[in-house]
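Down below is the structure, laid out as structure tokens.
The values are calculated or read from the model by the stated rules, or taken from the named source; none is laboratory data. The shown structure was predicted, so the numbers you read here are calculated from the model rather than taken from an experiment. With ideal geometry, Cβ positions are generated from the backbone for all residues, glycine too; neighbour counts draw on all protein chains shown.
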Amino acid sequence: MLLRIWRFAAIYLTAPTLSLTFCHLLEMPRKMRYGEGLYMAVQHSLYPYFAWVGAFAEVGAVACLVVLFILLRNGRAVFHLTLAATLCIAAGLGVWFAVVSLANAQMAQWNSLPLPANWTDVRRKWECGHAASAAVDLLGFGALMPAVVVDTPRSASHAGAASESRRYDSA
């Protein structure tokens, strides 16, 4: 039961982590074409809730995955998938700290037009940092899902279906 709780928590927090970073990835092609005024307006108005939800979800996902990794360290078949998920989601968080947070700090100082001469470099770092984070988050989520599915006993689903079938047969 403990393993199920930690798996649920890991999925529950990894899903919004991937969702938020994937949103940034999908927005990137259009936002790279925005002029400075529109880009600044979007950056200052659209993302405050991303920060609140994303910080909780991403740090929580890494913590839950580390616990799962520890619980599965006895060499079970899903150990390597869980390790891959943990490393990928942690790498996404690392990219955020190494690239995105630095760009965020610069953008936070943008209060009026014109923007600094290097604003397109800062934009590129911010956008590419989120794209890289989305890529490793997608890989991490892709490793987590089979780790859970592979380790789900087949007999539980068959036993449930068999008892359900017997109940209807006897009616």
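Across the range 29-48, the qualifying residues are those that are modelled with pLDDT under 95 and closer than 25 Å to residue 141 by Cβ, and the one among them that is surrounded by the fewest Cβ atoms within 10 Å (Cβ to Cβ) is 48.
A residue that is in a helix (DSSP H, G or I), free of Cβ contacts under 8 Å to residues at least 12 places away in the same chain and either surrounded by 20 or more Cβ atoms within 10 Å (Cβ to Cβ) or not aliphatic (A, V, I, L, M) (or both) cannot be found anywhere in the range 60-74.
Whether any residue in the range 49-59 is among the charged types (D, E, K, R), in contact with a Leu (Cβ under 8 Å, 6 or more places away or on another chain), assigned to a helix (DSSP H, G or I) and under 22 Å from residue 136 (Cα atoms) is what I want to check. Yes, the range 49-59 contains at least one residue that is among the charged types (D, E, K, R), in contact with a Leu (Cβ under 8 Å, 6 or more places away or on another chain), assigned to a helix (DSSP H, G or I) and under 22 Å from residue 136 (Cα atoms). When 93, 68, 81 are screened for being touching a Lys or Arg at 6+ places or on another chain (Cβ under 9 Å) and of a type outside the set (S, T, N, Q), only 68 passes. Taking the criterion of being part of a helix (DSSP H, G or I), loosely packed, with under 11 Cβ neighbours inside 10 Å, modelled with pLDDT of 95 or more and on the phi < 0 side of the Ramachandran plot, would at least one residue in the range 141-164 satisfy it? Checking the range 141-164: not a single residue is part of a helix (DSSP H, G or I), loosely packed, with under 11 Cβ neighbours inside 10 Å, modelled with pLDDT of 95 or more and on the phi < 0 side of the Ramachandran plot. Comparison of 98, 103 shows that the only residue that is surrounded by 17 or more Cβ atoms within 10 Å (Cβ to Cβ) and assigned to a helix (DSSP H, G or I) is 103.
Could you tell me which residue of the range 7-48 is farthest from residue 95 (Cα to Cα), considering only residues that are free of Cβ contacts under 8 Å to residues at least 40 places away in the same chain and not in a helix (DSSP H, G or I)? If we take residues in the range 7-48 being free of Cβ contacts under 8 Å to residues at least 40 places away in the same chain and not in a helix (DSSP H, G or I), then 35 is farthest from residue 95 (Cα to Cα). Checking each residue in the range 75-84 for being part of a helix (DSSP H, G or I) and either among the aliphatic types (A, V, I, L, M) or at positive phi (or both) picks out 81, 83, 84.
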